[in-house]
Amino acid sequence: RFPLNSAATRGGKARPAMLECSAGTRPSRMSRRTLLLLATLSLTDGFQRPLPSRLRTTALQAVSEQKEVRSEEIDRLMRAVAREYTSFFDPLEAEFYVPDVEFIDPFNSLKGLDKYKNNIDMLAGRTPLGMFTFEKSGTGITLHRIEQLGPDRMRTRWTLRMQPKFIPWKPIVRFTGISDYTLEGARIKKQEDYWDSIDLKETSDGTELYERAETRMALTDFIAQLFSEDKTPGVSSQELPYELLRRSGEYEVRRYPAMLVAETQYSTRPEGFDRLGSFCGGSNEGSKRVKPYAPSIIRSDEKGEKKVMQWPISFAMPGQPAPTVGGVPNPGSVLPSVSIQAVPELVVAVRRFANAATQQVVVYESKVLRQAIQKNGLKVDEAEGTNLWFAQYDAIFSLGDRRNEVWVPVAEGHPWDVADPLE
């Protein structure tokens, strides 16, 4: 018999005065449930006097074993979810969901495993409505990270892309965000999706905060993308490809592959374009023409006194190692003002603007971008200090709307800073 502290309460109710176990029962023969209860009461000072050391040791061992079992079960669940993202939930592994699983996103709120599965199959083009609405080849989801937030909570980060059939120009609609899961044991009880574009809020202390926005904002965002002229570059285009990590209302976060660039220091922008254009036109030791990729990447100090222009000329294909300098023509003595540089994989925050890219405009847009990402929990790479990054996509003297961007390298430790989503 174990006397309990009368002041101890549980769920607002006083505990009984005594906990009784069968006389002569050895710790090794007690049920796991009894041992867990003894351990809990012992750790919360629920007993009037300490448990016998042997009994306490056995009880705490049961807690440790219980945690290991739970950890293994959650690990199986997380790996199952990772498989589902990879296959776009084909198949959905139903054993990891409760029958009345609940799903909420900016557009929908539904309950039940059948409705949950039907909603996913529709987006993936596996239902009659989905086959009529979406191009199957242009629809998919990329998992960036999956993590356990607590004993009954889990979160994923992802990028969803959809290509509607009913628009003649076949736009790609993209959403980035998170899914917060509520667990029941090692099964999913509830999934709540949040979009970075409408649900990610600014905070004064630099923490990441998501709050549910109105449905009309989701509809506005979707329609705006249908008529946007922006296109995601592919490996077959002449624009440097990237992986979209975040698409907020103010900026994007992108991951660019490792690349080789032709680089030159310059005083005036036409001078930089002329040198790199000459190199790509054949002014190199092999007299070989090189086809560069957009954009022109320009870096400078805040005063604009030291400026470097880079043209990407090669990049690492998915799953392949970084390209080597030996695989491209060498400027050498033919054009000594140009060099070939290797640039490692790069994660940058990006803000687009259409104004002429004067030094003052670039400084202003960079400041706005830095403030925006810091209010969403991201940090600027300290190694860059106040240096400016600017990307120019159009010809130097182009007329009409320009496509210009400021870039800010994001510091390590950001939410996508993992080699494997399960890390």
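Exactly one condition in (1) of a type in the set (K, R); (2) within 26 Å of E229 (Cα to Cα); (3) free of Cβ contacts under 8 Å to residues at least 60 places away in the same chain is false for K288; which is it?
(2)
Please determine whether any residue of the range 279-288 is out of contact with any Cys (no Cβ under 7 Å at 6 or more places or on another chain), closer than 30 Å to K115 by Cβ and surrounded by 12 or more Cβ atoms within 10 Å (Cβ to Cβ).
No.
Mind checking which residues of the range 106-126 are part of a helix (DSSP H, G or I) and open to solvent by 80 Å² or more (accessible area, probe 1.4 Å)?
D114, K115, K117, N118
Please enumerate the residues belonging to the range 127-152 that are more than 27 Å from L183 (Cα to Cα), part of a loop (DSSP other than H, G, I, E, B) and in contact (Cβ under 8 Å) with a residue 12 or more places away in the chain.
Selection gives E135, T139.
Name the one entry in I146, I178, I172, I188 that is surrounded by 16 or more Cβ atoms within 10 Å (Cβ to Cβ) and at pLDDT below 95.
I172
Over 34 Å from the mean Cα position of the chain (by Cα) and among the charged types (D, E, K, R), is that true of R289?
For R289, the condition - over 34 Å from the mean Cα position of the chain (by Cα) and among the charged types (D, E, K, R) - is met.
Is there any pair linking a residue in the range 219-231 that is at pLDDT 95 or above to one that is part of a helix (DSSP H, G or I) and among the polar types (S, T, N, Q), with Cβ under 6 Å and at least six apart or on different chains, and which?
Filtered contacts from the range 219-231: D221/S197.
Being open to solvent by less than 80 Å² (accessible area, probe 1.4 Å), in a helix (DSSP H, G or I) and at pLDDT below 65 is the requirement here; does A82 meet it?
When the stated conditions are applied, A82 does not pass them.
Here are some residues: F103, F88. Which one is modelled with pLDDT of 95 or more, in contact with a Gly (Cβ under 7 Å, 6 or more places away or on another chain) and open to solvent by less than 90 Å² (accessible area, probe 1.4 Å)?
F88
Of the conditions (1) in a loop (DSSP other than H, G, I, E, B); (2) of a type outside the set (A, V, I, L, M, F, W, C); (3) farther than 30 Å from D75 by Cα, P421 clears all except one; give me its number.
All conditions pass for P421, except number (3).
If I filter the range 232-239 for residues that are modelled with pLDDT under 95, open to solvent by less than 20 Å² (accessible area, probe 1.4 Å) and either in contact with a Leu (Cβ under 6 Å, 6 or more places away or on another chain) or closer than 26 Å to P344 by Cα (or both), do I get at least one hit?
Yes; the residues of the range 232-239 include at least one that is modelled with pLDDT under 95, open to solvent by less than 20 Å² (accessible area, probe 1.4 Å) and either in contact with a Leu (Cβ under 6 Å, 6 or more places away or on another chain) or closer than 26 Å to P344 by Cα (or both).
The values are calculated or read from the model by the stated rules, or taken from the named source; none is laboratory data. As the structure is a prediction and not an experimental result, all values here were calculated from the model. Quick reminder, even Gly has a Cβ in these numbers, built from the backbone with ideal geometry, and neighbours come from all protein chains shown. Side chains included, ligands, DNA and RNA excluded: accessible areas come from the protein's heavy atoms. Shrake-Rupley method; radii C 1.70, N 1.55, O 1.52, S 1.80 Å.
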